[in-house]
Amino acid sequence: MALDELFRWLQGPARCYLCRGRAAGLLCETCREQLPGPRGACLRCGRRLPQTAPACGACLNRRLPYDLVWTPMDYRFPVDRLIQALKFKGDLVAGRVLATLLLPGPDCGYLPRPQAILPMPLHPRRQRSRSFNQCSELARHLGRDLELPVLEGHLERWRDDPPQSSLDALQRRRNVRGAYRLRRRMTALPPTVLLLDDVVTTGATAHAAATVLKQGGVQRVELWAVARAGGGL
Ligand SMILES: [Zn+2]
Ligand SMILES: [Zn+2]
């Protein structure tokens, strides 16, 4: 959606983005109830559980570069369509809707809250061909909602590899190892950061990016993604 369309949308009567019925917000009550989430999940790997829990059995003795995973939606209709609309058509309203699906975030009581949001970066060549990074768009909204700064440019994807979708889980992990790095001469990162992605599938890219953040001195990495596709990370 182009910017002028977005303004028309914002000025028009309140209509549900999905069904165009009357709505108080971006989605009507009926569409909201039919969303594929929020789902209960392990807060360490995102595996679906009957209710949200700090860790599933598989995660109790597992070392992962991220400390918390928040993926409230399943990658199913209409969330999949919304993500595709944002990613491939530049539909900014879809981005706004998707960011609201991440709220209010996980309930993890005493744990330190993130101090900044880092959108998962695209390789510069890919970003040029798509003209924008969908994760930056989500981060802009989420940063406003959570009152957190968005840090662009600290983390960069410096190696472009074949698209992950053609590979299996093990190949994906190998494919992205070393694909991210921290840019020197940027201000230091805060101790707790929120790494934001749109969809998590095998977690290979998130794993690689979070590893770099930990090596760069970040103490706690929360991985947030609107949706997850597949089992656990
Ligand atoms: Zn609706
Ligand atoms: Zn788990």
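What follows is calculated from the coordinates using simple rules that are stated; it is not laboratory data. Everything numeric in this text was worked out from a predicted model, so none of it was measured. Neighbour counts run over all protein chains shown; Cβ positions are idealised from the backbone, glycine included.
Tell me the relative contact order for region 122-233 as a rounded percent, counting alpha carbon contacts under 8 Å between residues six or more apart.
Computed value for region 122-233: 25 percent relative contact order.
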Seminar exercise, completed: Here region 126-135 yields Karplus 3J(HN,Hα) values (6.51, -1.76, 1.60; θ = phi - 60°; whole Hz; Gly and Pro given as x) of 5, 5, 5, 6, 9, 6, 7, 9, 4, 6
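In debye, nearest 20: dipole of region 1-147 around its Cα centre with unit charges on the Cβ of K, R (+) and D, E (-)? Walk me through the intermediate numbers first.
Details: 23 positive and 12 negative charges, 100 e Å.
The calculation lands at about 480 debye.
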Seminar exercise, completed: Amide H neighbours of Ala41 at under 5 Å, excluding residues fewer than 5 places away on the same chain, with H built from the backbone geometry, are Leu49, Thr52, Ala53
Seminar exercise, completed: Counting only DSSP loop positions in region 10-114, the chymotrypsin sites (Phe, Trp or Tyr not before Pro) whose Cβ has at most 13 other Cβ atoms within 10 Å are Tyr110
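Report the extension gain between Asp107 and Arg22 in nm, rounded to one decimal, defined as 0.36 nm multiplied by the number of residues separating them, less their alpha carbon distance. Mind showing how you got there, number by number?
On the way: separation 85, 0.36 × 85 = 30.60 nm, distance 3.07 nm.
Once the chain is fully extended between Asp107 and Arg22, it gains 27.5 nm.
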For this session: For a quick protection proxy, order the peptides 219-227, 37-45 by their average other-Cβ count within 10 Å, most packed first.
Result: 219-227, 37-45
Exercise. Taking the Cα centre of the chain as the origin and placing charges on Cβ (Lys, Arg +1; Asp, Glu -1), which of Leu82, Leu223, Ala94 is farthest toward the positive end of the dipole?
Worked result: Leu223
For this session: Only helical DSSP H runs with n ≥ 4 go in: add -39500 (n - 2.57) per run for the chain, normalise by residue count and round the 222 nm mean residue ellipticity to 500 deg cm²/dmol.
Result: -9000 deg cm²/dmol
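Quote the relative contact order of the chain in percent (integer), defining contacts as alpha-carbon pairs under 8 Å separated by 6+ residues.
Across the chain, relative contact order equals 22 percent.
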Seminar exercise, completed: Computed ³J(HN,Hα) along region 35-41: with the Karplus parameters 6.51/-1.76/1.60, θ = phi - 60°, integer Hz and x for glycine or proline, the list is 5, x, x, x, 9, x, 7
For this session: Between Gln171, Gln84, Gln115, find the one with the highest GNM mean-square fluctuation for the chain; connect C-alpha pairs within less than 10 Å.
Result: Gln171
Exercise. Considering only the other residues whose Cβ falls under 12 Å of the Cβ of Ala209, what net charge follows from Lys and Arg at +1 and Asp and Glu at -1?
Worked result: +2
Problem set entry | Positive minus negative residues near Arg44 (Lys, Arg vs Asp, Glu; Cβ under 14 Å) | +4
Exercise. Considering amide H positions built from the backbone, and no H for Pro or chain starts, which residues 5 or more places from Val150, or on another chain, come under 5 Å of its amide H?
Worked result: Ile117
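Antiparallel as a % of all DSSP beta bridges within region 85-207, to the nearest 5? Don't skip to the end; give the middle numbers.
Details: 3 of 8 bridges.
Antiparallel: roughly 40 percent of the beta bridges in region 85-207.
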Problem set entry | Environment charge of Thr71, counting only residues whose C-beta is closer than 14 Å and scoring Lys/Arg +1, Asp/Glu -1 | +1
Problem set entry | Span from the region 89-129 Cα centroid across to the region 134-160 one, whole angstrom | 6 Å
Exercise. Can you run phi through the Karplus equation (6.51, -1.76, 1.60; θ = phi - 60°) for region 58-64 and list ³J(HN,Hα) in whole Hz, with x for Gly and Pro?
Worked result: 5, 8, 4, 10, 9, 9, 10
Exercise. Hey, got the dipole for region 38-228? About the Cα centre, +1 on K and R Cβ, -1 on D and E Cβ, debye to the nearest 20?
Worked result: 620 debye
Problem set entry | Spacing of the two label points (7 Å from each Cα toward its C-beta) at Trp158 and Leu182, in nm | 1.3 nm
